[in-house]
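Heads up: the structure comes next, in C-alpha cells.
Read the figures in this text as sums done on the coordinates, not as results from a lab. Note that the structure is predicted; figures quoted are calculated from it, not measured. Here the Cβ positions follow ideal geometry from the backbone for every residue, glycine too, while neighbour counts run over all protein chains shown.
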Amino acid sequence: MKVWNAEDLSQRIFDLRLLDQRQLESVWSEIGTRDVDLEVFTSRLLNKSLLTNFQLDKVVKDHREGFFYGNYRVLYMVGAGTFARVFRAVHTKTNRVVAVKVLRRRYRNEPEQVALFLREAHMGQKLVHPNIVRVHDVSDDVRAPYMVMEFVEGQTAREFLKVRKQIDIATAVNLMIDVASGLDYARKMGITHRDMKLSNVMVASNGKAKLVDFGLATMSEASDDKLLAAPNARSIDYVALERGTNVKKNDHRSDIYFAGCVFYHMLTGVAPLVETRDRLVRMNITRFSEIKPANAIVPDLPVPLLSVINHAMCFRPENRYQEPEELLADLKRVKFVLDKDETPGAEAEETSPDQVKGVNEAGEGIGKTVMVVESNIEMQNMLREQLKKRGYRVLITNTPDRAIERFENEIRIADCAVFSAQDLGARAVQAFNQLGQSEITRDIPALLLVDQRQKELANAAETNKHRLMLPMPLKIKDLLQSLFKLLRKNDGRLVT
C-alpha cells in the first residue's frame with residue numbers, strides 16, 4: 001500500500017474530484033499548518049463530514065475508480081450480494097440522495113450477466129408504485145453498468161426481524177398489505193418478482209414496506225437449468241416449487257406462496273422452509289411438506305391470520321390465492337377486524353362440549369363453521385340442531401345483505417354459506433349469486449335451498465362445482481352430504 005503524507009493525500013483527493021480547492025483550503029486553515037501527521041489531516045476531514053470512512057479508505061488504498069457513477073458521488077456501501085453492490089450516493093449538483101446498484105467487476109466480462117443486469121434495471125424503470133423501490137436512471141455502459149434507485153431510509157425486513165425476533169401482529173399485517181399491494185401492481189403490469197423473501201422487503205423508517213430487486217423477473221425466458229447454474233441462484237426455491245407442482249415456469253402464484261412464507265416468518269420468527277445453501281437440499285420437494293403449521297409455533301395466533309397464511313402457502317397452486325389482489329383483500333379485512341378489536345362471528349352460537357359428544361362417528365363438522373341465511377324460525381332451529389349434532393359451528397342470520405357484508409368484511413367468517421329461498425325468495429338467490437360474483441368471496445362454498453315449484457328462482461341461480469342448489473322440501477341427508485363434499489374439497493387451502 002502506498003505511504004501517504006498529508007499534502008500528497010490532499011492532492012489526490014482534489015485530483016479525484018472528491019473535494020474542491022476551497023473545501024481543502026478550509027481544512028488547512030483550521031489546522032493552521034501543513035506540517036502535520038496524516039492522522040490529524042484525515043481526522044479533520046472526517047469530523048467535518050467532508051469525506052466518509054468508505055471514501056477515505058479507498059483513497060488511502062490508492063483506488064482510482066468507484067468514487068463516482070455519472071453525476072453521483074458514492075458515500076458508502078449499504079449492501080453487497082453475489083451479483084451486485086449497492087451504495088448510498090448523492091447527486092453532485094442537486095444533492096439528492098440515492099442508492100446506486102453496480103454490477104460486480106467479476107461479471108462485467110460476461111455478456112449474459114451484463115444483459116441480465118441491464119434488463120433488470122430497465123424493467124424496474126417501468127414500476128412506479130409507493131410499495132416498490134423506484135429505479136430513476138440506468139447506465140447502459142457495459143464496462144460498468146449501474147442503476148440509480150430511490151434510497152430507502154430504513155432496513156430490510158430480515159434485519160428488522162433479526163432485531164425484534166418476532167414481529168407483532170399489527171405491524172406484520174401492515175407490512176404485508178404493502179407487500180401484497182406492490183405485487184398486485186407488478187402483476188397488473190405483467191411482471192412477477194421471482195425472489196420474494198425478507199431481504200427483498202425494505203422497511204422504511206416511516207413503517208412502510210417497499211419491494212426491491214425484481215431481477216429474476218427478467219430471467220423468465222431462461223431455462224430452469226440455466227437459472228440453477230446462475231452465480232446467485234436466487235431462483236432455486238421457485239424452480240423447486242414449480243417443478244414439484246407441475247406448473248409452468250414464471251407462474252405468478254409462486255410469488256403469492258413466498259409472500260406467505262414472508263408473513264409466516266414475520267409472525268413466528270421461524271423460517272417455514274429449512275434455510276440452506278445446499279442446492280440439492282433446496283431442490284428437494286419434501287421441504288415444502290415438512291412445514292410446521294404457524295400455530296404449532298405460536299399457538300395463540302388469531303384464526304384470520306392462520307387462514308391467510310394457509311391460503312397463500314397451499315402447496316397446490318390451484319388452491320392458493322389466484323391473484324395478489326385476493327391476498328391483498330384478505331389482508332385488508334384482517335386489518336379491519338383487528339382495528340375494530342372484534343372477534344369475527346362474536347354472536348355465533350358456539351357448540352358446547354356436551355353437544356360435541358353427540359357428533360356422529362365421522363365427526364365431519366368439527367372445526368367447520370356454517371352460516372345459515374334463513375328467516376323462518378322453525379327452519380332455523382331445525383338446521384341449527386342438525387348441524388350442531390355433526391359438530392358444525394352455526395351462525396344464523398335472517399338478512400341476506402348482512403350475510404354478504406360479514407363475508408366481505410370479516411376474514412373467513414364461515415367455511416360455507418347456506419341460503420334458504422323458502423321465505424326469503426329472490427333476496428336469497430341474489431345474495432347467493434353475489435357471493436359467487438365478488439372477487440373477495442367467490443371461492444367460498446355455498447348452498448341454495450329452493451322449493452321445486454320456484455322455477456324462476458332456480459333458473460336465476462348461478463351454480464358451479466362449489467356452489468350447489470338443493471331442492472326443498474329438504475332432506476337432511478342431502479344437506480349433510482353436500483356440505484361434507486364441499487368442505488372436504490375446500491380443505492385444499494391448508495398447507496399440505
| field | Unit charges on C-beta of K, R, D, E only; dipole of the chain, Debye | value | 1000 debye
| field | Overall form of the stretch 68-150 per C-alpha gyration tensor (a/c, 1.5; a/b vs b/c) | value | oblate
| remark: Sequence order, the stretch 125-140: Karplus ³J(HN,Hα) from phi using 6.51 cos²θ - 1.76 cosθ + 1.60, θ = phi - 60°, Hz rounded, Gly and Pro as x, gives 5, 6, 9, 10, 7, x, 10, 10, 5, 7, 9, 8, 8, 9, 9, 8
| request: Could you check what % of the DSSP bridge pairs in the chain are antiparallel, to the nearest 5? | output: 60 percent
| For the stretch 377-446 and the stretch 73-129, distance of Cα centres in Å | 53 Å
| Ranking of SER10, SER420 by count of other Cβ atoms within 10 Å, fewest first | SER10, SER420
| request: Hey, can you grab everything whose amide H is under 5 Å from the amide H of ARG104? Only 5+ residues off in sequence or another chain; H modelled, so Pro and N-termini drop out. | output: ALA84, ARG85
| Under the Karplus curve 6.51 cos²θ - 1.76 cosθ + 1.60, θ = phi - 60°, whole-Hz ³J(HN,Hα) for the stretch 260-274, x wherever Gly or Pro sits | x, 4, 4, 5, 4, 5, 4, 6, 9, x, 10, 5, x, 9, 4
| request: Take TYR185, TYR146 and order them by how many other Cβ atoms sit within 10 Å, fewest up front. | output: TYR185, TYR146
| In the stretch 411-496, what trypsin sites (Lys or Arg not before Pro) fall in a loop by DSSP, with at most 15 other Cβ atoms inside 10 Å? | ARG453, LYS465, LYS475
| message | Treating the chain as a set of equal point scatterers at the Cα positions, no solvent, please give the Debye-formula log₁₀ I(q)/I(0) at q = 0.07 Å⁻¹. | response | -0.52
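Normalized C-alpha radius of gyration of the stretch 105-148, against 2.2 N^0.38 Å?
Dividing the Cα radius of gyration by 2.2 N^0.38 Å gives 1.21.
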| query | Once every DSSP H run of n ≥ 4 in the chain is given -39500 (n - 2.57) and the sum is divided by its residues, what mean residue ellipticity at 222 nm do you get, rounded to the nearest 500 deg cm²/dmol? | reply | -13000 deg cm²/dmol
| note | Phi-derived 3J(HN,Hα) across the stretch 419-432 with the Karplus relation (6.51, -1.76, 1.60, θ = phi - 60°), rounded Hz, x for Gly and Pro, is 9, 10, 8, 4, 10, 7, x, 4, 4, 5, 5, 4, 5, 4
| note | Scoring only Lys, Arg, Asp and Glu (+1, +1, -1, -1) among other residues with Cβ under 12 Å from the Cβ of PHE14 yields -2
| query | Which of MET472, MET266 comes first, and how do the rest follow, when ranked by fewest Cβ neighbours within 10 Å? | reply | MET472, MET266
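Too long at a 30 Å Cα-Cα cut-off: which of LYS248/LYS465; LYS210/LYS368; LYS188/LYS248; LYS248/LYS335; LYS332/LYS389; LYS93/LYS165?
Distance filter (> 30 Å) returns LYS210/LYS368; LYS248/LYS335; LYS332/LYS389; LYS93/LYS165.
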| query | Taking H as built 1.01 Å from N, whose amide H comes closer than 5 Å to the amide H of TYR69, not counting residues under 5 places away? | reply | VAL74
| query | What does the convex hull of the alpha-carbon atoms of the stretch 1-122 project to on average, in nm²? | reply | 8.7 nm²
